[in-house]
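I have placed the structure first, in the form of structure tokens, so that the comments after it can refer back to it.
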Amino acid sequence: MSDSISPNRRSFLKSVGVSSLAVASAPVWVQAIQAAPVDDTQQSLQPGEQRITLKVNGQAHTLNVPANAILLDVLRDRLQLTGTKKGCDHGQCGACTLHVNGTAVNSCLSLAVSHDGDEITTIEGLEKDGKLHPVQEAFWEHDAYQCGYCTSGQIMSAVAILNDPSIGSDDSSVREAMSGNICRCGAYKNILAAIQSARGKVKGAS
Amino acid sequence: MRSFQFDRAASTEQALKAGQSNQAMYLAGGTTLLDLVKLDVMQPERLVDINRVGLNRLERQDDGSVRIGALVTNTTLAQDNYIVQAYPVLSQALLAGATTQLRNKATTAGNVMQRVRCHYFRDNVSPCNKRKPGSGCSAIEGDHRSVHAVLGTSQHCIAMHPSDMCVAMAAIGATVHVQGPKGERTIDFLDFHLRPGDTPEREHALAPGELITYITLAPPLANSLSGYLKLRDRASYQFALASSAIIVQLQGDRITDARIALGGVGTKPWRAHEAEQSLRGQPANDETFRRAAQLALQGATPYRHNAYKIPLAQQAIVRNLQTLTGGVA
């Protein structure tokens, strides 16, 4: 749906965002959210804690974390990167999906200490230079959500799928590959349309 | 979640050393273990992370067989070119299981070690002989429609083995290589998982502290066709109600050899030897297929809500054979 012909709620918000905030370097909704670097090196390790380094969205953090801290919780609670959502917390819904060294995984079933030295990309790390990632843009254009809670997980899975040449480009292959992301609102039709429209705009996508 | 000591092993030797302490468990992909630790169903005192011990290689051997490192992920195994070409049934079974994200994390050994999906086992409250030996089985008189077995059950436990990958491996034939305090040994894949019997808390043949290092697949059956057919409540991301892994060797319209294993219906990955035997030398037609299907489920015990699994598993065999052999002869 093009903005000039038939403005919808999303494109309206988008254009308002751009015009009213013209003085800012970027519209509010694409303002980069970067976690302030955390460095726990000066803090002494408490019993049961381990010191790890996580490279999150290109930023290195040195953290003292308990052995049982879950990666999802460390990102949300220690780094305030709350874009990654906690849904079922048992690997069943996909809301917590992010990329570890480029591979999509459930962060709720990952111990932070297991990821010492790993490169992690969250939804906050997809935008580049104030511009949304093509898959984020496509979700916006296709209204591929209702409540939005599952959206960051959906997008992280979609980005990985579009970068994976082993996953077919037909609708049924995409549906199958996306089946680990549950949308309680049932926005699947628009999610599929968004992913397919982003194909070709993602570097490396087939 | 409970607290535990955490060690990351840099080598198999380090892992084995740390793994000897009381209530230590090896952590691979974590998709079962961390799930069940959160539910407090599994209660480790110590987790030994084996993700960086270097057991993540997939090696083709001279005889055409494959040695799969314990830490090879389900995604890597399913997408490997040689596996796709020589063991289609394994690739298909892997891709029929779980989700993209879970397969990216889940490992070969972890898949073998996954626990049952029985809700009474997982709820950590109901009587469950697997969780608390002697407390009783809530599933037998309770709800047992989808994730409970009809083959290999006992009066103490009827939970089905949930893996798809293991069903394919049971059909192919495989060897589990383990290392432990007493050195190395191998276990035939079909002997690895145990029927519940009187000891449902014992699910596998590993001794305390033992670690799976590799799984070796038998060489592929020459000139064979193979496939995995999984029947379930929805088309993706669901455990099998019944599934079949079948490898069949044809000469003209005659079956010269076959391997059949079943999922969704057994308390362990279920190899159907008698059914296979009935196929050998027979024409590839519906009559042959139906007889094999009948034999495969001969000893099945139906429970109140899952008797449908018997005809369903039979159909999973017949249809898989029909597809593999190119329809009704």
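The values are calculated or read from the model by the stated rules, or taken from the named source; none is laboratory data. All figures in this text were calculated on a predicted structure; none of them were measured in a lab. Using ideal geometry, Cβ is built from the backbone for each residue, glycine included, and neighbour counts are taken over all protein chains shown.
Values for this structure:
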| read-out | value |
| --- | --- |
| Residue within segment B:236-258 that is assigned to a helix (DSSP H, G or I), crowded, with 17+ Cβ neighbours inside 10 Å and either aliphatic (A, V, I, L, M) or in contact (Cβ under 8 Å) with a residue 12 or more places away in the chain (or both) present | no |
| Within segment A:74-123, considering residues that are in contact with a helix residue (DSSP H, G or I) (Cβ under 8 Å, 6 or more places away or on another chain) and among the charged types (D, E, K, R), the one farthest from the other protein chains (Cβ to nearest Cβ) | A:LYS85 |
| Residues located in segment A:61-117, provided they are crowded, with 22+ Cβ neighbours inside 10 Å, under 15 Å from B:THR100 (Cα atoms) and more than 15 Å from the chain's Cα centre (by Cα) | A:GLY91, A:LEU109 |
| Lone unmet requirement of (1) in contact (Cβ under 8 Å) with a residue 60 or more places away in the chain; (2) assigned to a loop (DSSP other than H, G, I, E, B) for B:PHE121 | (2) |
| Number of the exception - B:SER135 against (1) touching a strand residue (DSSP E or B) at 6+ places or on another chain (Cβ under 8 Å); (2) away from chain A (no Cβ under 14 Å) | (1) |
| Neighbours by Cβ (under 7 Å, 6+ apart or cross-chain): first from segment B:96-108, within 9 Å of chain A (Cβ to nearest Cβ); second of a type in the set (Val, Ile, Thr) and in a loop (DSSP other than H, G, I, E, B) | B:LEU102/B:THR31; B:LYS105/B:THR31 |
| Segment B:211-235: number of residues that are free of Cβ contacts under 8 Å to residues at least 60 places away in the same chain and either within 23 Å of B:LEU279 (Cα to Cα) or not hydrophobic (A, V, I, L, M, F, W, C) (or both) | 6 |
| Close pairs (6 angstrom Cβ cut-off, 6 or more residues apart or separate chains): more than 17 Å from B:SER226 (Cβ to Cβ) in segment B:158-176, among the basic types (Lys, Arg) anywhere | B:HIS161/B:LYS268; B:PRO162/B:ARG117 |
| Candidate set: segment B:3-62, residues that are among the small types (Gly, Ala, Ser) and closer than 17 Å to A:ILE70 by Cβ; chosen: the one surrounded by the fewest Cβ atoms within 10 Å (Cβ to Cβ) | B:SER3 |
| B:ALA174 being within 25 Å of B:LEU295 (Cβ to Cβ), modelled with pLDDT of 95 or more, surrounded by 23 or more Cβ atoms within 10 Å (Cβ to Cβ) and among the small types (Gly, Ala, Ser) | yes |
| Criterion violated by A:SER166 - all others in (1) farther than 24 Å from B:SER91 by Cβ; (2) surrounded by fewer than 19 Cβ atoms within 10 Å (Cβ to Cβ); (3) in contact with a helix residue (DSSP H, G or I) (Cβ under 7 Å, 6 or more places away or on another chain) satisfied | (1) |
| Set A:ALA67, A:ALA36: member being of a type in the set (A, V, I, L, M) and closer than 30 Å to B:MET42 by Cα | A:ALA67 |
| Boolean, B:ALA18 is over 27 Å from B:VAL125 (Cβ atoms), more than 11 Å from chain A (Cβ to nearest Cβ) and in contact with an Asp or Glu (Cβ under 6 Å, 6 or more places away or on another chain) | yes |
| B:GLY134 vs. criteria without any contact (Cβ under 8 Å) to a residue 24 or more places away in the chain, in contact with a Phe, Trp or Tyr (Cβ under 9 Å, 6 or more places away or on another chain) and not β-branched (Val, Ile, Thr) | no |
| Flag for B:ALA70 being closer than 30 Å to A:ALA160 by Cβ, crowded, with 24+ Cβ neighbours inside 10 Å and modelled with pLDDT of 95 or more | yes |
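Residues are listed down the side, and each one gets a yes or a no for (1) over 16 Å from the mean Cα position of the chain (by Cα); (2) closer than 30 Å to B:ILE317 by Cβ:
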{"position": "B:ASP40", "(1), (2)": "yes, no"}
{"position": "B:GLN79", "(1), (2)": "yes, yes"}
{"position": "B:SER91", "(1), (2)": "no, yes"}
{"position": "B:ALA96", "(1), (2)": "no, yes"}
{"position": "B:MET113", "(1), (2)": "no, yes"}
{"position": "B:ARG117", "(1), (2)": "no, yes"}
